[in-house]
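Before any comments, here is the structure.
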Amino acid sequence: MEKRHYFKKGVTALLFNVCVCLAVATVTGFNAYAVAGGGAVLNLLNRGIPGGAAGMAIQKELWMNSIVEGLFADNTFLAKAYSADMFVNAGKTVHIPNAGSPSGVAKNRTSKPATASARTDSELTFNLDEFTTDPIYIPNADTVELSYNKRESVLKTDKAALQEAVANAFLYYWAPASPLIATVGATEDTAYLPSATGARHNLTKKAFLDAMTKFNGDNIPQEGRYVLLDAVMYSQLLADLTANESQAFHAGIDVKNGVVGKLYTFNIMVRSQALRYTSAGTAKEWTAAGAATDCAGALAWHVDSVCRALGEVKAFENEGDPQWYGDIYSFLVRCGGAKMRSDGKGLLAIVQGTPAG
């Protein structure tokens, strides 16, 4: 069906071209057959030139857009952060201006004139990391360009791997050093992180009550609070809820925004893995080697307490590779994130507690 569609379009274009050329010949007095023939040849050549450019190069804009689309969508928690895209420049460092403390307020001021003071502003800076895909081999790029579905099929595994790497990196960017709330469930399960051994206290609703108390004490707005759990912690939490609590929890489901429930002012989100900490309470990247004492963690945050920035996205090509007898493509994405507040408020981690002895 697709080939027949493009054949019909080609025939129609050729007929239109011939008609136009004959009209030009009539006006200019040039040989009608020569004009029509030349126009037809140019039309055929142009059919192999995407966007009017020479050669069979891929339409990079389309491929790069395919990479960007859903870069954060499949990890919905990444959208629940301040977007610093506007502060990304040609370099690799993001500069976000932060306003200093507000002026003081006095009731029934008696001392005049009031003393003026300059506000001290600061700047949040962080570097963008570079994520690159392994090169991918495409034997016939000209057919891949025809359909969005075909392009998505080619990119499917690459996009999934890229999204996973980016999401795990952001969790490490945002992982706080403190405060850390330890799980204290009476029930203990075997550690489930790769390489981890021994027992860990299960997650219970008490950790969410403690997190809410901390956020309330720090005057963090109730709107925009989130907690990201891994799959195991999520199951442990559900097991700890009573029937009535479970009903109230699931009443807060918002599928569109990736929210699986609501508890103690927090919108709960889930993915296969969240945070990872050492036994000393230090956050670990998922790319680091596992250890027997590793503990899983959940991230609690407010949308204005963390930020993300997407930099340049590039597509690279090597057409007609003589060793591969086809075309090779790869992609590059620069992005980064950081904690927004120097005082650490609006951000904490719930980490597995290790039973004594």
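Given H placed on each backbone N at 1.01 Å, which residues far from LEU263 in sequence or on other chains put an amide H within less than 5 Å of it?
ILE268
Quick one: net charge of LYS92's neighbours, Cβ under 13 Å, K/R +1, D/E -1? Write down the numbers at each step before the final one.
Numbers: positive: ARG334; negative: ASP129, GLU130, GLU312.
Cβ neighbours under 13 Å give a net charge of -2.
About its Cα centre, how strong a charge dipole does segment 243-357 have in debye, to the nearest 20, once Lys and Arg get +1 and Asp and Glu get -1 at the Cβ? Write out the running numbers ahead of the final one.
On the way: 11 positive and 11 negative charges, 117 e Å.
Value, rounded to 20: 560 debye.
With label points built 7 Å along Cα→Cβ from the Cα atoms of GLU319 and GLN222, find their separation and express it in nm.
Here the answer is 6.0 nm between the modelled labels.
Heavy atoms only, 1.4 Å probe, whole protein assembly: order HIS95, HIS201, HIS302 by accessible area, highest first. Numbers along the way, then the final one.
Details: HIS95 75, HIS201 40, HIS302 10 Å².
Ranked from most to least accessible, the order is HIS95, HIS201, HIS302.
If we count every other residue with Cβ under 12 angstrom of GLY198's Cβ, Lys/Arg +1 and Asp/Glu -1, where does the sum land? All intermediate terms of the calculation are to be shown ahead of the outcome.
Working: positive: ARG200; negative: GLU188, ASP189, ASP294.
Local charge sum for GLY198: -2.
With 20 Å as the limit, write out which pairs from LYS206/LYS262; LYS92/LYS339; LYS214/LYS284; LYS284/LYS314; LYS205/LYS256 have Cα-Cα distances beyond it, or answer none. Spell out each step's value before the answer.
Working: LYS206/LYS262 14 Å; LYS92/LYS339 17 Å; LYS214/LYS284 24 Å; LYS284/LYS314 29 Å; LYS205/LYS256 24 Å.
Too far apart for the 20 Å limit: LYS214/LYS284; LYS284/LYS314; LYS205/LYS256.
The values are calculated or read from the model by the stated rules, or taken from the named source; none is laboratory data. What you see is a predicted model; the values in this text were computed from it and never measured. Don't worry about glycine lacking a Cβ; one is built from the backbone with ideal geometry, like all the others, and counts go over all protein chains shown. Ligands, DNA and RNA are stripped out before the accessible areas are found, and what is left, the full protein with its side chains, is counted by its heavy atoms. Shrake-Rupley method; radii C 1.70, N 1.55, O 1.52, S 1.80 Å.
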